[in-house]
Each structure stands twice: as structure tokens, then as C-alpha cells.
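As C-alpha cells, the structure follows; a few thoughts come after it.
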């Protein structure tokens, strides 16, 4: 084994270790940050890591997730705020596309695709439903197909059922069942590593309290 090979291996390991440590410092905040500005700041931190680690899908994914979540926190569930939420949807989509280039058929990436489509729909429901309603449903179905045990898919499906009026196919009863299923799957879920996605359990528990 040549000295050059050993040196290259050590440098690679050092870079990998630095990347993992940087991610480990940020990932827990994904599930606990509840402020739009703080979430946007977290997105920027992940994006800086992504720009330094261009072969890793996770920082692009987290930057996308944090941007779309920041938009949700900005709108606070209100419809018709496209002027505020569309720019963040655009930013999130661009980052997520880079994540998908690095990791195909990824359930977690489909989850964020679903979130982006729903955000765009909320920006102008009357004019966008026919475009982004099917796009959101397609992304959610792809997430469940890629990993039927992904609890975040059931969380998002439960939110859709819970908040959609009954005349449009919603049901608080069905929403609660989906939250219960999500919680079971969260309890059984094993992430691939400490920096892979685990977010959503606290949200599920919150929605279950609202569904009583």
C-alpha cells in the first residue's frame, strides 16, 4: 500500500468526519425549531454544508426541507400568500433537485416534494388546485411506494385528511387514524445513521392531541 494512498485515505476520512460532525450539530434543530426566521437560518447552514459537500444528498435535502418549513411557518396555514411563500418554494425545489440527482427514488425526497406542491397549492388554491393537488398526491404515493414504513408519509397524509373539509374528501376521524399509524411507525423507525431524517414524531403527537 503506497504512502500516497494512505495519505489520501486519511484526508478523505478527516473530511468525512468533519462533515458528519457538522451535520450532527444541526440535525436535531430540524425537529425543534418553530420560528420561521430561525428555520430559514438553519436552511442556510445546511446549504453551506451542501456547497462544501457536493456529493452528499442529505444537506441539500435538509436545506430544502427547512426552506419549505420556513414558508409554512411564515404563512401559519393561511391561504393566498403566494407572494411570500413562492420564493421559498422555488428555493426549496432547486435544492431538492440537487438532492435527487444524488439519491434517486428516495422516500424522504418525495416527502419534501409533496410539501412543496402543497405549499404552492396553498399560495393560490382556486387557480392551482388542478396542477398542484395531483402533484402533491403523486409525490406522497411515491414516498409510500419507495418506503412503506416511512412515518412522515402517514403524518402528511393525516394532515391532509384532518384539514381538508369533508365536502372535499377530508375527515378528522380518518386523519386521526393516520396520525395513530404514523406514531406506530415512528416508534418502529430506525434511521440509517444519526444524521438521516427522524423529524415528525413531535408533530404527530401534537396532531393527535388536536384530533381528540
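The values are calculated or read from the model by the stated rules, or taken from the named source; none is laboratory data. Fair warning: this is a prediction, and the values are worked out from it, not measured in the lab. Ideal geometry is used to build each Cβ from the backbone, glycine not excepted, and the neighbour counts take in all protein chains shown.
Assorted remarks:
- Some residue of region 164-177 being assigned to a helix (DSSP H, G or I) and under 19 Å from the mean Cα position of the chain (by Cα): no
- Which listed residue, of 201, 185, 144, 161, is surrounded by 14 or more Cβ atoms within 10 Å (Cβ to Cβ) and over 30 Å from residue 23 (Cβ atoms): 161
- So residue 188, is it more than 17 Å from the chain's Cα centre (by Cα), at pLDDT 95 or above and closer than 27 Å to residue 56 by Cα: yes
- Scope region 132-158; condition touching a residue at least 40 places away in the same chain (Cβ under 8 Å) and either more than 14 Å from the chain's Cα centre (by Cα) or on the phi > 0 side of the Ramachandran plot (or both); matching residues: 146, 147, 149, 158
- Residue list for region 36-60, restricted to those being outside any helix (DSSP H, G or I) and touching a helix residue (DSSP H, G or I) at 6+ places or on another chain (Cβ under 7 Å): 53, 55, 56
- Residue in region 119-131 that is touching a helix residue (DSSP H, G or I) at 6+ places or on another chain (Cβ under 6 Å), outside the structural domain of residue 24 (by TED's automatic domain parsing), assigned to a loop (DSSP other than H, G, I, E, B) and in contact (Cβ under 8 Å) with a residue 12 or more places away in the chain present: no
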